[in-house]
Amino acid sequence: MSLFPVGLQHYLALSVILFALGILTVILRRNLLIILMGIELMLNAGNVAILAFSKFNAAMSGQVYVLLTMTVAAAEAAVGLAILIALFRTRKTVNADEATYLRW
Amino acid sequence: MIILQTLSARLPDILFYLFAGLSLIGAVQVLCRRNPMNAAVSMVVTVLSIAVLYILLSAYFIAAAQMIVYAGAIVVLFIFVIMLLNLSAKEIGRRRYTLFKAFAAFVAAAVGVSLLPGVRGAPRAISEQPIDPSFGSAKTVGRLLFGEFLLPFELTSILILAAMVAGVVLAKRDITPNRTFSPVDAILDLLLKSDRKDKSP
Amino acid sequence: MILLRYIILAPIAALLLNLLFGRFWSKTTTAFLACGAVFVSFAAAANNCVYMIRKLAVPEMQTIFDPVFSWISVGRVQVPVDLVFDPLSCVMCLIITGVGFLIHVYSVGYMSHDPGFRRFFIYLNLFIAFMLILVLADNLALLFVGWEGVGLCSYLLIGFWHTDMKNASAGKKAFVVNRVGDLGFLLGMLLILAVFGTLSVTDLRELISTAASAMTPASTAVATTICLLLFVGATGKSAQIPLYVWLPDAMAGPTPVSALIHAATMVTAGVYMIARLHFLYALSPVASAVVAAIGAATALFAAVIGLAQNDIKKVLAYSTISQLGYMFLAVGVGAYTFGIFHLTTHAFFKALLFLGSGSVIHAMSGEQDMQRMGGLRRYMPVTYWTFLVGTLAIAGIWPLSGFFSKDEILLSARLASTPVLSGAALFAIGLCAAFLTAFYMGRLFTLTFFGNSRASEETKHHIHESPWTMGGPLILLAVLAAGAGFGLRQFENFLSPIFGHPEEAPHEIKLAIMAVSLLAGITGLALSLYVYLRRPDIPRKISTSASLLCDCIANKFYIDELYEKTVVRLVYIAGIVSHAFDKHVVDRAVNWTGGGLRFGGFMLSFFQSGNVGTYAVWFLIGVLALLHAMGGVHPPPAP
């Protein structure tokens, strides 16, 4: 994989690395805020891949998808943060390790 | 001169490497920073660099939306929450096991590896075919949104409405374990407020 | 002409009404409905009978056919619910509904003080309905439904007073013994289905009449197997050796039940079935001979046991077994008409005898032991005179009906030659049985009605003649039992479309056999009268001098004990083994399956840590697995 010229390959590689970093964030961090950020990272990685494909195929519909993804991301962040606030209010914590009430 | 010429010809590629590197640095910072505030700021870095990449991919409108929605709204929301909760820098609780860390890294690597065939088989270059100048402009995206994709777009509004209601209900101050919100009750309350008050002192 | 289904539906309607609404109305209404329904059936059957006699000249009109609906239709196996009314089922229908009606009326009086009055009549009506299904069925499968149904009713009615353990176990015994026979019947039926591909009697008859000329030894063997299997069913239902043991115990039921089910109708189902399939038995001389031999043996064997019984109903029960043996003897030697004729006359006089004994028992406050009776002649004239008619009829005294039917059977046996027993031997056995029949009936009659009363003072005080609901049926049955014999020629003609005309025997032989059988009856009666009236010391002397033999007879040759020690013991052991197998293998397998799953679930529940990060890892592993299962990621296609 040569450095130049930058093509679809490079964008996809970036997308995969970003996605893996997002996964790691979600898995490794315990702060629920940062876990939410990890999710946003993964969504962004996806967006990058979609837009790269869109450009490569000269297909505008990809950009619409990205717009929809962003809407979902915004909604998800809003709801996630609301849950977080509710959790903090009742349990005084945002630590994922301590919020394990829904289990056997 | 030749160097300059080469540079100008390669400018998009150089910009890609620059901002791709920036976005990766930001992402790594999100992963590693203890302080949520630092993580949020790193998130802004990542989001903005990705917006630049969008411009390189001739998605001008999306790039603007990325800046406004992500950097302007979502990350700001994160920061608001961080300040609202007044979280300390230190994460509470015990550390995760190293073994689990290794396992997590392995799973993430496995995801990356499984996606690799798709990356490796992809064409090297962005296609050389001439691109319509209006590609990615707000007008084109708008036409698509209100034309071909009207139904999904309208459905999005419902999604956002639902998220809004959920946000309001979840974050309401007087949440008590015994009282759950019921829309039917809420409407009844509105309609029969006086009657109910009369009956129950 | 009345559609055949209504003959069956009348008692069903009555029993449903009594079952659903019976508690809202009085005993009188219940009784009226139950008896009325049977009378309606009788009237319908009689109407059809008259219609058929009128059309007897036209061969195609001799059967009434009523296709009700298609019951089973699987591949080439068709089991329709078809009802057929030909002379044979006509005779059976008239007996069932006619005698059944009289017994219903009798029961109104007999059961009047019983708390289970309504239940009793519901069972009786159900029995009548199933019995009618049995005799009207054109299809062996439908016949089997009736066959099992009457078995069920028999069980319910034997154990009618089920609070007494003895009665309940008697019902159980009848049910279990009948199951053994029913297994044979079922196997025979399935073999018919496998060989002929149909269960319809009409179709079978046509198939066999076309195929009868082309019989090979192999097909004869198949026919013999089928006939013997069906006969196993008949021995169960009709109480023949070796499955007769349930019938004496069945006397635990109310006496009208003994009269209706265990004398007049249900127990004759085996005879009816063989007569119905006579064309099949005609193919197999061996099977017919076995039927005749078993019938003759049962007739003699049961008569011997009957000599030493003291329970009035037990004597009649063994008498029934013995008379059923006669019927099988008749159908075994091919004298189907006379077998059915004896069935008819037996239905009259045995129902009469049972009802008479019921009247006696009713008067004696439930006492059944003949040793404690005696002298009832003075107290109950109606019962006495009707019982006398019944006794003379069963003993075969001219001109009562038993003489004609028994005489014809003995004649047919004498003239027959079978591969198992010669005609002379069958005749000799039959004659012995006739003599013994006369003797034990004379003994029963003498001990019950003559001499001085041996009852306790209190019982004596209560002795009374029965009410008219009981006396009326007795008188009617006595008239029938006395006069039915004169209808023999008409009966033969009526059944001739099915069985053909029997061969006319030489006049001298006929007269000789009449004389011999009459002599046997008269000597038997006279001897018993003399012994039990004038010389009561003789039986006592015999029982002391030949105590072993007498004990043996009185204990029914220890057959019950023998079965207990062999068959029942074996089944019991098999039951223990299978219970152990069920408990230790089946149950354990089930429990371990459940326990394993439970343990697995418990182990899996550790995955549910409640931690979002851990969940994410499992989730990703799942995604990866799916991704690889679907063939991995493919490179994007070129534009």
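The values are calculated or read from the model by the stated rules, or taken from the named source; none is laboratory data. Note that the coordinates shown come from a computational prediction; the quantities given were computed from them, not determined experimentally. Counting neighbours? That spans all protein chains shown, and the Cβs are built from the backbone with ideal geometry, glycine included. Note: areas computed on protein heavy atoms with side chains; ligands, DNA, RNA excluded. Shrake-Rupley method; radii C 1.70, N 1.55, O 1.52, S 1.80 Å.
The residues of the range A:24-40 that are aliphatic (A, V, I, L, M) and more than 7 Å from chain B (Cβ to nearest Cβ), listed by number, are A:Val26, A:Leu32, A:Ile35, A:Leu36, A:Ile39.
Conditions tested, residue by residue: (1) closer than 30 Å to C:Val304 by Cα; (2) open to solvent by 100 Å² or more (accessible area, probe 1.4 Å); (3) out of contact with any Pro (no Cβ under 8 Å at 6 or more places or on another chain); (4) not aromatic (Phe, Trp, Tyr).
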residue: C:Phe499; (1), (2), (3), (4): no, no, yes, no
residue: C:Ala505; (1), (2), (3), (4): no, no, yes, yes
residue: C:Ile509; (1), (2), (3), (4): yes, no, yes, yes
residue: C:Ser528; (1), (2), (3), (4): yes, no, yes, yes
residue: C:Arg534; (1), (2), (3), (4): yes, yes, yes, yes
residue: C:Lys556; (1), (2), (3), (4): yes, no, no, yes
residue: C:Trp592; (1), (2), (3), (4): no, yes, yes, no
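In summary, B:Ala65 fulfils each of the numbered conditions (1) farther than 17 Å from A:Leu28 by Cα; (2) at the interface with chain A (Cβ under 10 Å from one of its Cβ atoms); (3) in contact (Cβ under 8 Å) with a residue 12 or more places away in the chain; (4) within 15 Å of the chain's Cα centre (by Cα) with the single exception of condition (3). Here the range C:302-336 is the region considered, the condition is being open to solvent by 10 Å² or more (accessible area, probe 1.4 Å) and out of contact with any Ser or Thr (no Cβ under 8 Å at 6 or more places or on another chain), and the residue that is farthest from C:Asp551 (Cα to Cα) is C:Tyr336.
Of the residues screened, C:Phe449 is one that is of a type outside the set (Asp, Glu) and in contact with a Lys or Arg (Cβ under 6 Å, 6 or more places away or on another chain). Exactly one residue among B:Leu85, B:Leu53, B:Leu11 is open to solvent by 30 Å² or more (accessible area, probe 1.4 Å), assigned by TED's automatic domain parsing to the domain that holds B:Leu144 and aliphatic (A, V, I, L, M), and that residue is B:Leu11.
Residues are listed down the side, and each one gets a yes or a no for (1) in a helix (DSSP H, G or I); (2) of a type outside the set (A, V, I, L, M); (3) closer than 28 Å to C:Tyr532 by Cβ:
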{"residue": "C:Gly236", "(1), (2), (3)": "yes, yes, no"}
{"residue": "C:Tyr244", "(1), (2), (3)": "no, yes, yes"}
{"residue": "C:Ala250", "(1), (2), (3)": "yes, no, yes"}
{"residue": "C:Ile261", "(1), (2), (3)": "yes, no, no"}
{"residue": "C:Thr268", "(1), (2), (3)": "yes, yes, no"}
{"residue": "C:Met273", "(1), (2), (3)": "yes, no, no"}
{"residue": "C:Leu280", "(1), (2), (3)": "yes, no, no"}
{"residue": "C:Ala287", "(1), (2), (3)": "yes, no, no"}
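Select from the range C:274-295 the residues that are closer than 18 Å to C:Leu247 by Cβ and touching a Leu at 6+ places or on another chain (Cβ under 7 Å) and list them in ascending order. Correct list: C:Gly295 only. How about the range C:193-215: which of its residues are touching a residue at least 60 places away in the same chain (Cβ under 8 Å) and open to solvent by less than 70 Å² (accessible area, probe 1.4 Å)? Correct list: C:Leu193, C:Gly197, C:Thr198, C:Leu199, C:Ser200, C:Val201, C:Thr202, C:Leu204, C:Ile208, C:Ala212, C:Met215. Of all the listed residues (C:Phe196, C:Phe231, C:Phe175), the sole one being among the aromatic types (Phe, Trp, Tyr) and modelled with pLDDT under 90 is C:Phe196. Across the range C:600-639, the number of residues qualifying as open to solvent by less than 90 Å² (accessible area, probe 1.4 Å), within 12 Å of chain B (Cβ to nearest Cβ) and of a type in the set (A, V, I, L, M) comes to 11. What number of residues in the range A:52-104 are within 30 Å of B:Phe135 (Cβ to Cβ), more than 14 Å from chain C (Cβ to nearest Cβ) and open to solvent by less than 10 Å² (accessible area, probe 1.4 Å)? Here the count works out to 6. The single residue among C:Leu436, C:Leu480, C:Leu447 that is aliphatic (A, V, I, L, M), open to solvent by 50 Å² or more (accessible area, probe 1.4 Å) and in a helix (DSSP H, G or I) turns out to be C:Leu480.
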